[in-house]
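The values are calculated or read from the model by the stated rules, or taken from the named source; none is laboratory data. Predicted model, so just to flag it, every value in this text is computed and none were measured. Quick reminder, even Gly has a Cβ in these numbers, built from the backbone with ideal geometry, and neighbours come from all protein chains shown. Remember, those area values only see protein heavy atoms, side chains included, never the ligands or the DNA or RNA. Shrake-Rupley method; radii C 1.70, N 1.55, O 1.52, S 1.80 Å.
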Amino acid sequence: MGASSDRSRSGEAGLFGRIGAFVDEAIAGATLTPSDREGTAIARGAIFLLDEAAKLVEGLRCRVTGEQSEAPPPGDSAVGDKGFVHTLELILALAMKQPELTARTYARFAAEALSILRGESAIKPAIRDFRFKDQLWLESGVLRTLLQLYLAWADTMGRWLEEQQLDAADRRRIAFIFEQLVAAVAPSNLPINPSALRRADRTEGASAVNGVHNWVDDVIRNHAMPRQISRDAYVVGKDLALTEGAVVFRNAQLELIQYAPLTETVRRRPVLIFPPQINKYYAFDLRPANSMIGHLVKSGLQVFTLSWFNPTAAQSAWNLDTYVAAAIEATDVMREITSSRRFGVVSACAGGLSAMAMLGYLAERGDSRIANHSLLVTCLLPNEGSDLELFATPTLIEMAGSYVRNNGVMYGDELAKVFYWLRPNDLVWRYWINNYLLGKAPPPLDVLFWDNDSTRVPAALHADFVDMYTNDVFRKANALSVLGRPIDFRRLKVDSYFVGGEDDNLMPWIGCYHACQLFRGRHAFVLSTSGHVQSLLRPPRIANTVYYTNEDIALSAAEWRRTAVEKRGSWWEHWHGWLHEKSGGTKKAPNRLGSDGHPPLMPAPGSYVFD
């Protein structure tokens with residue numbers, strides 16, 4: 001794959017960095033057992049932490065003394081060099097070099113704390129803060145004092161940050177670290193949580209025993225993270241992925257599923273869903289009420305989806321070329337079955353990266369088979385404000401790449417746990433309280449079951465994704481090669497429908513909007529009103545949901561948002577109208593799935609989804 005770049009080791013110039021590089025070279029090509037790999041990962045992580053600690057001490061010394069620290073020479077990578085260590089240095093240096101501001105901030109906290117201890121403070125939690133709903137937090141003098149001291153401290157942290165003169169990126173990094181601290185030390189996370197005490201009283205202590213059992217189980221089976229969903233909450237094929245269909249093609253990388261029509265007529269051009277490789281396809285086919293696939297079929301479209309094989313270390317060499325070639329083979333089958341030369345593509349997240357690589361490759365070949373593309377919550381461009389970029393440095397990226405190469409795959413559940421810390425109160429501490437303090441099983445939610453049913457990504461594909469990011473391949477001509485062809489995305493001209501999520505901190509909507517402006521074609525951009533996955537899952541049944549449209553996509557993102565029109569309901573209905581307009585005329589719905597050349601192999605959801 002031609003997206004490779006010189007992965008920088010400049011951040012590992014220190015002693016511990018050189019030791020880490022030696023470890024990587026020593027085990028390269030070695031046959032390791034799973035326990036060997038785990039031990040190697042722990043050792044490599046410990047070396048990394050020692051190296052980062054050494055950098056922290058040296059960096060802080062240079063900041064305080066005013067000496068110039070050594071910095072690696074700038075390169076062509078889109079990745080910055082300001083990571084976690086830089087941010088800790090900055091916090092400590094700001095506190096030490098601005099003693100008047102630090103003292104003034106602490107004095108305000110001390111005054112508020114004295115007011116709290118005298119019972120005179122009126123500070124209260126936000127009305128929508130789920131952690132402190134129990135009225136005993138305010139009725140009990142002890143709990144009220146503890147809560148108010150916590151709220152005053154959290155407010156002090158925020159005020160201190162507000163008064164600093166910082167660039168936007170440093171401010172976001174410090175805010176992220178403060179958010180983690182504030183969320184972790186909340187008194188609601190302690191056994192004195194009144195909701196936990198009430199439940200323990202009602203259950204005669206059984207809830208506490210259940211909580212300990214849940215904690216031990218999570219330590220052993222869930223990497224010490226509170227579980228968000230019970231393993232048996234749903235069954236794929238019984239509760240989820242129920243839309244009627246059949247597997248009509250299979251190769252090593254994927255199964256192609258065709259869905260049975262539910263209308264007398266269908267649009268002539270089919271729609272192919274290109275899901276992310278990091279998760280299973282049924283995010284698009286959850287419970288019937290939430291199924292995007294089901295709604296598309298009911299609207300009268302011919303719908304197909306790819307379902308990826310879940311790779312192991314044996315498939316570590318599968319790269320972007322492998323997946324693009326497999327997908328193109330599937331589209332040939334789909335075109336034969338539907339007798340349609342052209343079709344539409346729907347992609348999201350990492351699937352969007354792969355789909356765009358396929359589109360670019362086909363454009364370079366002069367192949368116009370793709371008539372339209374719906375690119376959902378996918379930020380194709382680096383440095384657009386994603387929280388995932390906050391602490392990305394060449395050193396960290398190289399360490400992650402080394403870990404994946406040594407394992408042969410990237411484990412999706414490990415990546416998911418990183419995502420959870422981006423919203424610590426909602427995705428971590430909420431379940432800490434529910435599972436351990438209240439001793440309950442987590443409530444069933446189809447999207448969380450899917451999110452925890454993660455897959456693996458081959459090391460080669462992971463490396464290609466990283467290179468696509470660091471090389472900024474969608475802006476730079478010929479920075480990416482697919483199946484031997486350099487790709488210039490300026491050649492691509494496909495009408496597209498872009499969706500961003502207003503509260504999406506993984507794929508910021510502004511980045512999705514900028515991608516909309518980058519490519520040729522007649523495009524539409526819609527802003528959904530939720531986070532990353534929930535921006536996708538907006539079925540019409542959801543009450544009080546809205547979305548925003550604005551036909552002028554030449555505007556800046558801020559001006560587009562200011563002048564956008566709020567529309568009530570689900571963006572799915574708006575999107576269905578766009579898809580129907582782009583999907584040709586109508587014809588009689590087929591009375592069977594597959595074709596003589598590609599008969600059904602098995603009913604949906606197929607077999608790969610269970611791997």
Give the range 575-600 a look and list any residue that's in contact (Cβ under 8 Å) with a residue 40 or more places away in the chain and open to solvent by 60 Å² or more (accessible area, probe 1.4 Å), or say none.
-> Thr586, Lys588, Pro599, Pro600
With Leu555, Leu593, Leu537 as the choices, which residue is touching a Pro at 6+ places or on another chain (Cβ under 8 Å) and in a loop (DSSP other than H, G, I, E, B)?
-> Leu593
Give me the pairs: first residue in the range 538-555 and at pLDDT below 95, second residue in a loop (DSSP other than H, G, I, E, B) and basic (Lys, Arg), beta-carbon distance under 9 Å, and six or more apart or on different chains, which are they?
-> Thr545/Arg538
Qualifying helices (runs of 4 or more DSSP H) (wholly inside the range 107-191; at least 3 residues being touching a residue at least 12 places away in the same chain (Cβ under 8 Å), open to solvent by 40 Å² or more (accessible area, probe 1.4 Å) and among the hydrophobic types (A, V, I, L, M, F, W, C)) | 141-162, 168-184
Residues of the range 263-294 classified as of a type in the set (Val, Ile, Thr), in a strand (DSSP E or B) and open to solvent by 20 Å² or more (accessible area, probe 1.4 Å), total | 1
Looking at (1) open to solvent by 20 Å² or more (accessible area, probe 1.4 Å); (2) under 27 Å from Ile542 (Cα atoms); (3) under 21 Å from the mean Cα position of the chain (by Cα); (4) not aromatic (Phe, Trp, Tyr), find the lone condition where Ala224 falls short.
-> (2)
Output the residue which, of all residues in the range 303-349 that are among the basic types (Lys, Arg) and assigned to a loop (DSSP other than H, G, I, E, B), is most open to solvent (accessible area, probe 1.4 Å).
-> Arg341
Tell me which residues, restricted to the range 489-509, are in a loop (DSSP other than H, G, I, E, B), of a type in the set (Asp, Glu) and open to solvent by less than 30 Å² (accessible area, probe 1.4 Å).
-> Asp504
Only one of (1) over 25 Å from Pro458 (Cα atoms); (2) outside any helix (DSSP H, G or I); (3) among the hydrophobic types (A, V, I, L, M, F, W, C); (4) touching a Gly at 6+ places or on another chain (Cβ under 9 Å) fails for Ile229. Which number is that?
-> (4)
If only one of Glu364, Glu384, Glu389 is within 30 Å of Ala313 (Cβ to Cβ) and acidic (Asp, Glu), which one is it?
-> Glu389
Give the residues of the range 510-535 that are touching a Gly at 6+ places or on another chain (Cβ under 8 Å), in contact (Cβ under 8 Å) with a residue 40 or more places away in the chain and open to solvent by 20 Å² or more (accessible area, probe 1.4 Å), sorted by residue number.
-> Ile510, His532, Gln534
Thr378 is checked against (1) within 14 Å of the chain's Cα centre (by Cα); (2) open to solvent by 10 Å² or more (accessible area, probe 1.4 Å); (3) among the polar types (S, T, N, Q) and fails just one. What number does that condition carry?
-> (2)
Assess whether Asp413 counts as being of a type in the set (Asp, Glu) and either open to solvent by less than 30 Å² (accessible area, probe 1.4 Å) or not in a helix (DSSP H, G or I) (or both).
-> no
Would it be correct to say that Lys440 is without any contact (Cβ under 8 Å) to a residue 60 or more places away in the chain and open to solvent by 20 Å² or more (accessible area, probe 1.4 Å)?
-> no
Can you tell me which residue in the range 446-475 is farthest from Gln277 (Cα to Cα), limited to those that are under 18 Å from the mean Cα position of the chain (by Cα) and in a loop (DSSP other than H, G, I, E, B)?
-> Asp453
Filter pass, Ala554 being of a type outside the set (D, E, K, R), out of contact with any Asp or Glu (no Cβ under 6 Å at 6 or more places or on another chain) and open to solvent by 60 Å² or more (accessible area, probe 1.4 Å) | yes
